[in-house]
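Just below is one structure, and these are the notes that go with it.
The values are calculated or read from the model by the stated rules, or taken from the named source; none is laboratory data. Keep in mind it's a predicted model, so treat the numbers as computed, not measured. Cβ: placed from backbone, ideal geometry, glycine included. Neighbour counts: every protein chain shown. These area figures cover heavy atoms from the full protein model, side chains too; ligands, DNA and RNA do not enter into them. Shrake-Rupley method; radii C 1.70, N 1.55, O 1.52, S 1.80 Å.
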Amino acid sequence: MTLKKIENAGITKTVVNVHHHHRQIVNFLSNYKTSGMEILISDEKDRLLDTGGGLLKARSLFDADTPVLLYNVDIITSADINSFILFHEKEKPLVSLMVKDRPTSRYLLFNKNMILCGRENTKTGEKTMIRSASSTQSFGFQGVHIVSPEIFSLIRERGVFPIMQLYLRLGSEHIIKGYETKSDIWFDIGTPEKLKNTTSYLRKHPGIFAKIL
């Protein structure tokens with residue numbers, strides 16, 4: 001579903017990082033039919049590098065001087081990818097984050113101009129601010145983001161590291177902007193239970209598939 005969505009958005013090259021069940025994934029991808037989209041593999045079967053480490057490892061597979069759309073495979077959204085890409089091209093931030101006003105325990109905090117100012121975990125009470133702001137708006141991250149190619153020259157982290165850790169470090173000196181979606185449908189399928197519930201919902205609402213793709 002994710003591959004079809006990004007292909008429908010006009011993306012011509014996709015990099016998939018593999019670790020768990022890597023043989024099955026590589027086999028699936030080798031037989032996956034596209035209308036011309038190239039699919040490359042970033043092999044992490046020996047060591048899972050987390051979201052930040054995975055991006056850095058795959059660097060050589062991306063086209064130089066071209067922004068990279070990152071799409072977490074454990075989410076499903078009907079949000080328009082083309083509109084998001086146009087937003088990034090117009091605003092030209094270091095990073096664009098797709099966000100939504102939705103309940104979560106981990107919020108990203110933005111100022112009135114939708115520039116990232118910090119993060120707050122409402123379960124632990126931990127709050128990290130990277131920019132001063134008279135007031136902030138709280139949004140849930142949608143798992144879809146775009147990074148400008150300049151980011152690779154700014155990464156000093158190595159090995160295993162989460163990408164949000166990188167964003168919070170860079171966001172104090174570089175512009176990271178939020179792109180708010182409002183009318184889209186969004187699902188987290190990151191656990192077997194969540195996948196089961198989402199599958200059940202989509203079966204009861206088959207018309208949603210057209211919106212997602």
> Round to a whole number: what % of the accessible area of the chain belongs to carbon and sulfur, probe 1.4 Å?
Replying inline: 50
>> Could you work out how much longer the chain between ARG156 and ARG47 gets when fully extended? Use 0.36 nm per residue separation minus the Cα distance between them, nm to one decimal.
In response: 37.3 nm
>> Nearest 5 percent is fine: what portion of the DSSP beta bridges confined to segment 74-156 is antiparallel?
In response: 100
>> If a paramagnetic tag sat 7 Å from the Cα of SER35 along the Cα-Cβ line, which residues of segment 4-29 would have the backbone N under 11 Å from that point?
In response: 7-11
>> Is there a quick way to get the dipole size of the chain? I mean about its Cα centre, with the Cβ of Lys and Arg at +1 and of Asp and Glu at -1; what is the value in debye to the nearest 20?
In response: 460
>> Which trypsin sites (Lys or Arg not before Pro) in segment 116-196 sit in a loop by DSSP (not H, G, I, E or B) and have at most 14 other Cβ atoms within 10 Å of their own Cβ?
In response: LYS123, ARG156, ARG158, LYS182
> For LYS177, which aspartates and glutamates qualify as cross-link partners when the Cα separation must be under 18 Å and same-chain residues fewer than eight apart are set aside?
Replying inline: ASP80, GLU89, GLU91, ASP101, GLU120, GLU150
>> Leaving out ligands and nucleic acids, and using a 1.4 Å probe, what accessible area per residue does segment 114-191 come to in Å²?
In response: 50
> Measuring from label point to label point, each 7 Å out along Cα→Cβ, what is the SER132 to THR66 span in nm?
Replying inline: 4.2
> For the pair GLN165 and ARG59, what calculated FRET efficiency results from E = 1/(1 + (r/R0)^6), where r is the Cβ-Cβ distance and R0 = 22 Å, to the nearest 0.05?
Replying inline: 0.80
> Which links in LYS4/LYS112; LYS45/LYS127; LYS5/LYS182; LYS4/LYS92 stretch past 29 Å when you go from one Cα to the other?
Replying inline: LYS4/LYS112; LYS45/LYS127
